[in-house]
Amino acid sequence: MTSGTSALVLYMGKYTEHPYADNEMSMVIGSPNLNYGNSIGVFWQWTKNAGGVENVPQNYTGTVTDFKQDSSGIKIEFIKDSNYYKFSMNVDNSLKNMKLRIAHDPSELPNKLDSALTLQKTTE
């Protein structure tokens with residue numbers, strides 16, 4: 001895939017974080033090559049947040065802050081100090097499957113469960 005100003009990729013899957021999110025839709029939208037500095041957005045909904053409010057949407061947008069590629073695929077991070085949540089994503093070499101991790105503290109990311117997302121749409 002090539003990068004362009006209007007090109008996007010959309011990954012979708014389900015997110016569970018007991019007791020707040022129960023199999024909720026999650027999405028990652030970004031530039032096709034997901035490289036350092038490129039735009040990215042992560043979106044999901046809480047089934048019920050810590051305050052007891054139901055169906056609370058969450059969205060975080062910014063740029064990829066870390067990018068690594070090796071024989072197993074691509075690992076990217078989206079860690080912005082002003083964001084409450086931090087994100088780690090692994091994309092396989094086919095670019096069709098992503099594993100998303102969400103945590104408040106970046107040091108917690110390696111211990112979080114993966115949420116599986118699959119490529120839904122590419123525009124170029």
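Listing for the model above:
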| read-out | value |
| --- | --- |
| Lone unmet requirement of (1) farther than 15 Å from Ile102 by Cβ; (2) not in a loop (DSSP other than H, G, I, E, B) for Met27 | (1) |
| Positions within the range 73-124 being more than 13 Å from the chain's Cα centre (by Cα) and of a type in the set (Phe, Trp, Tyr), in sequence order | Tyr84 |
| Odd one out for Ser82 among (1) closer than 19 Å to Tyr15 by Cβ; (2) out of contact with any Gly (no Cβ under 8 Å at 6 or more places or on another chain); (3) not acidic (Asp, Glu) | (1) |
| Failed item in (1) in a strand (DSSP E or B); (2) surrounded by 13 or more Cβ atoms within 10 Å (Cβ to Cβ), with Asn59 passing the rest | (2) |
| Residue tally, condition closer than 17 Å to Ile40 by Cβ and either in a helix (DSSP H, G or I) or among the acidic types (Asp, Glu) (or both), over the range 71-96 | 2 |
| Residues that are surrounded by fewer than 16 Cβ atoms within 10 Å (Cβ to Cβ), among the basic types (Lys, Arg) and without any contact (Cβ under 8 Å) to a residue 40 or more places away in the chain, drawn from the range 84-124 | Lys96, Lys112 |
| The range 43-68 residues that are within 21 Å of Tyr11 (Cβ to Cβ), paired with ones that are among the acidic types (Asp, Glu) and surrounded by fewer than 17 Cβ atoms within 10 Å (Cβ to Cβ) (beta carbon under 7 Å, 6 or more apart) | Thr47/Asp22; Thr47/Glu54 |
| Those residues of the range 97-113 which are assigned to a helix (DSSP H, G or I) and of a type in the set (A, V, I, L, M, F, W, C), in sequence order | Leu109 |
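FYI, it's all coordinate maths here, none of it is from the lab. Predicted model only: the values in this text are computed from it and were never measured. Cβ atoms come from the backbone with ideal geometry, glycine included; neighbour counts cover every protein chain shown.
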